Amino acid sequence: MFPRIKFKFIPTLIYICLLPVLLALGTWQLDRSQQKRALLELQQQALESETLPLASVMENNAETLRYRQVEVAGHYDVAHQFLLDNQISEGKAGYFVLTPFILKGDSQAILVNRGWIPVAQNRSILPDLQINQADAMISGRINNFPSVGIKLAGAEIPTAGWPALVQVVDSEVLAKKLGYSLFQFQLELAKELPDGFKRDWHASTIMQPEQHTAYAFQWFALALTLTILFIWYSFRRASSGLACGIHTIPGDKNNDAQSKK
């Protein structure tokens, strides 16, 4: 005789709540793995592609041009530069220097990230951002602006005066301060070019796709383990109940005969 499984309310509720969460986490990690693979493929394609001349007629989309090597002729707007604050390099605080570079024969500009520079002990003293040659042909890599974990209200508003400090880059806000339009992405100045600071450009791949796949396997394994434990617990309770029932069956003829003797 097979025991009839009876599910208790509390264990069943816990199982019903936890199982979808574990499955969702596993699926999310698989999605992240696919996204990382796509990002790595994009980076590889960008590295293998030819250098692209940057022009104002190009699509103003960072995701389309991300990691592409470009070159552009024009001149730096030396008098109007931005310091992106709270940037850490090797444990030290500093700024990214963002200098507008106006395209030759055009009024549109791109913000050139000329690299990282340390902050002075007295933060009221801003670094010297002079450029030796304003007119130039420069090259570098297209990328998104540096991001922040938590964006505070007003962080995109630059300070008065020049160079202007800013916590978060919003190209539209900065374009209003400059008085001319900006591309919605930055150009990371090539390491071999002059008029730059510390440049350690790297692709933003914090975790490899294989790691996400391994985490997904762990979440799915936990979901399977939870299911096995839940079924085992429910079956064990049913078996215990059946055993108790066998010892207390009323009207057992053998027991009645023995009691009469």
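The values are calculated or read from the model by the stated rules, or taken from the named source; none is laboratory data. What you are looking at is a predicted structure, and each value in this text was computed from that prediction instead of being measured. Here the Cβ positions follow ideal geometry from the backbone for every residue, glycine too, while neighbour counts run over all protein chains shown.
Among the strands (runs of 3 or more DSSP E) contained in region 88-188, which hold 2 or more residues that are assigned by TED's automatic domain parsing to the domain that holds E63 and either exposed (fewer than 12 other Cβ atoms within 10 Å of the Cβ) or in contact with a Lys or Arg (Cβ under 7 Å, 6 or more places away or on another chain) (or both)? Walk me through how you get there before you give the answer.
Numbers: elements: 92-103, 109-118, 135-143, 164-166.
Per the criteria, 92-103, 109-118, 135-143.
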Would it be correct to say that R199 is touching a strand residue (DSSP E or B) at 6+ places or on another chain (Cβ under 7 Å), surrounded by fewer than 18 Cβ atoms within 10 Å (Cβ to Cβ), more than 20 Å from Q35 (Cα to Cα) and not aliphatic (A, V, I, L, M)? yes
Taking region 60-90, which residues are touching a Phe, Trp or Tyr at 6+ places or on another chain (Cβ under 9 Å) and among the small types (G, A, S)? A62, G74, A79, S89
Positions within region 189-223 being charged (D, E, K, R) and assigned to a strand (DSSP E or B), in sequence order: K198
Got at least one residue in region 29-45 being out of contact with any His (no Cβ under 6 Å at 6 or more places or on another chain), part of a loop (DSSP other than H, G, I, E, B), modelled with pLDDT under 90 and crowded, with 16+ Cβ neighbours inside 10 Å? no
